[in-house]
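These notes concern the structure reproduced below.
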């Protein structure tokens, strides 16, 4: 976030298992969305996540991140949402 020039200008919502615990992360993200009304959201997944168990595939991460993105857009349809995955090779879009 610092490289994007956003240091100190964002809410960080971090939950174990990233977006596998949809209800929890959705609840907190929607609270943040209502309180701060951002124009842009970043959803970061990460490889080798123990919460995913045997299905730690990029596709599983993509599906979960998209589910969260879709839910947030019900609150603010024009919201720009970036879904990203952190791997040993760096950060890339999902």
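The values are calculated or read from the model by the stated rules, or taken from the named source; none is laboratory data. The structure displayed is predicted, hence computed values, not measured ones. Every residue, glycine among them, receives a Cβ derived from its backbone with ideal geometry; neighbour counts consider all protein chains shown.
Things worth noting here:
- Just one residue in the set 48, 56 is surrounded by 10 or more Cβ atoms within 10 Å (Cβ to Cβ), over 15 Å from the mean Cα position of the chain (by Cα), under 20 Å from residue 91 (Cα atoms) and at pLDDT below 90; that residue is 56.
- When the stretch 68-86 is filtered for residues that are over 18 Å from residue 24 (Cβ atoms) and surrounded by fewer than 13 Cβ atoms within 10 Å (Cβ to Cβ), the ones remaining, listed by number, are 77, 78, 80.
- Any chance residue 65 is at pLDDT 90 or above, surrounded by 15 or more Cβ atoms within 10 Å (Cβ to Cβ), in contact with a strand residue (DSSP E or B) (Cβ under 6 Å, 6 or more places away or on another chain) and not in a strand (DSSP E or B): yes
- Matching residues in the stretch 11-40 - criterion: being without any contact (Cβ under 8 Å) to a residue 24 or more places away in the chain, surrounded by 10 or more Cβ atoms within 10 Å (Cβ to Cβ) and in a loop (DSSP other than H, G, I, E, B): 13, 15
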